[in-house]
Ligand code: PEP
Ligand code: MG
């Protein structure tokens, strides 16, 4: 029977394929007692499941593409080690024998006691390994249940639709190499890093589909409508025809957009706009070139630190930054210093682990508290700056003091590099993300210490409206068109204008063509976005008459409610 479910569409397009369930949080585990003479076989069944998982992990390890981040191999090695560790090889066996229970229940008991001991650990690094323990336990459970809905590796995902309770940014990064047709998660907000990365996969994605895992079974045929945030389970022939036609339409539109690759991003009345790209890894530069973005407006360097044990040293970071700089000679590259914390967890260092990580020791706060983490990155960025047009951008700035501290450290590293005879740009431009309301409100003071601003609307909206960007239950609060958000952006534009400081916008708002006219009318001339969005935004720029937008924008800025703003933006977009 056909069933329609709703979520939040975060990456456009239509995906049609068979469902593969990736995570297993909602699985029911049945407990039953076994007579003593069955226990030997039950232990054998458990050990066979361990062997299956080992074989699957080894097979996955062999098939990792050469260009995948090295850390993926390391992650799989950690999982292999865990399977062989006594916590999994002996603990559940002990439960089977002592409790005379089935292997699934024994594994469940072992998992519970592991969760408890991890929760009691004070070391945040060790605590962060809990995710790996969960993943390994899920793999074993999947093998025990011999249930194909628990693929123990990512190999069988080619051409399928991936469903999960949630995906960490690290998981999503792994998916990049497996040719999935669509992604659906039960949790997640529009600008969670998982959603941002999923957009990077270039596949239709729906998050916040709460009940998807209750109704969708492994191998069900699914249609994922990433434009409307709709899932259709077991569509009938008519629905399939309709969506296949939509798929063809999307392809036609994409072909038309591709023709804009080399066209200038200039409005009808001759206003030039710089369209840059956001990247997570050097590999993303292929996509940047493909759409003709003029440079990198945001390089999220923290992704080099995910999915691995230990930190990349200065040389490894330098090599990564250099790859980006060399991928598009002469193009500007804005390298953002580490923005770890909140939903991006580091596996190998002391990351602030407060109860409210988005408000905790994140980004520049973490870096300033840990020079051993920060200095190698600053040195690597400075060394890369000798080879191209590099800019350094500081995330999550909330005070002038932080900027001063970073500048002092940069100067120190510059002196050190000069003394060592290592080349670097002595006038490296330093800017900051304006993504905390405090930074927007003191933009005038910050401008005296910075060479550019980069407005990060993802966090600016989250912090202004006190709505967690990862939490789909407050998605209705998280609104880019809330008058408070627009007023803060307006204040930043005015302060930057007075100080002649260039402004870029690199949050997801910059890559949504629905907002292009509004942003141009507010004075933005530099937008940075996921490569997949560049051509659509370019078309919106080309269709806009910037002079005519100003009157609209004045009306929009006077609006008192988000709904009113939304209507005005739609009317503005409907004008020719
Ligand atoms: C932002 O907050 O808008 C931004 C671009 O940074 P990130 O999404 O990486 O937090
Ligand atoms: Mg941010």
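Helical content alone sets the calculated 222 nm signal of the chain at -14500 deg cm²/dmol, taking -39,500 (n - 2.57) per DSSP H segment of four or more residues and averaging over every residue.
Sort 447-453, 390-396, 434-440 for me by packing, meaning the mean count of neighbouring Cβ atoms within 10 Å per residue, highest on top.
Working: 447-453: 19.4, 390-396: 25.9, 434-440: 23.7.
My ranking of the peptides, most packed first, is 390-396, 434-440, 447-453.
Is the shape of region 348-462 rounded, prolate or oblate, going by the alpha carbon gyration tensor and its root eigenvalues a ≥ b ≥ c, with a/c under 1.5 for rounded and a/b larger than b/c for prolate? Verdict is oblate for region 348-462. Net length available on complete extension from residue 1 to residue 240 is 84.7 nm, with 0.36 nm assigned per residue and the Cα-Cα distance removed. Pairs of C-alpha atoms in the chain farther apart than 35 Å represent 41 percent of all such pairs.
Restricting to the chain, what percent of DSSP beta bridges are antiparallel, rounded to 5? Intermediate values should be presented prior to the final figure.
Working: 19 of 54 bridges.
Roughly 35 percent of the DSSP beta bridges within the chain come out antiparallel.
Each label was represented as a point 7 Å from its Cα along the Cα-to-Cβ direction; for residue 547 and residue 31 these points are 7.7 nm apart. Oblate is the label for region 36-145, because a/c, from the alpha-carbon gyration tensor with a ≥ b ≥ c as root eigenvalues, is 1.5 or above and a/b does not exceed b/c.
Can you give the angle from 0 to 90° between the axis of helix 237-258 and the longest principal axis of the chain, with both taken from C-alpha atoms, to the nearest 10? It is inclined by approximately 40 degrees. Could you tell me how many degrees, from 0 to 90 and to the nearest 10, lie between the Cα long axis of helix 103-119 and the main elongation axis, the longest principal axis, of the Cα atoms of the chain? That helix lies at roughly 50 degrees to the long axis.
Model label points for residue 473 and residue 99, set 7 angstrom from Cα along the Cα-to-Cβ axis, are 2.9 nm apart. Model label points for residue 316 and residue 228, set 7 angstrom from Cα along the Cα-to-Cβ axis, are 4.6 nm apart.
Can you tell me, using C-alpha contacts under 8 Å and at least 6 residues apart, the relative contact order of the chain as a whole percent? Contact order relative to length: 15 percent. The Cα center of region 468-509 and the Cα center of region 224-298 differ in position by 23 Å.
Can you classify region 399-450 as rounded, prolate or oblate using the Cα gyration tensor, where a ≥ b ≥ c are the square roots of its eigenvalues, rounded means a/c under 1.5, and otherwise it's prolate if a/b beats b/c and oblate if not? Write down the numbers at each step before the final one.
Numbers: a/c = 3.50, a/b = 2.83, b/c = 1.24.
Because a/c hits 1.5 or more and a/b exceeds b/c, region 399-450 counts as prolate.
Read-outs: derived from the displayed coordinates by stated rules, not from any lab. Small disclaimer: the values here were computed from a predicted structure and weren't measured. Virtual Cβ from ideal backbone geometry, glycine too; neighbours counted across all protein chains shown.
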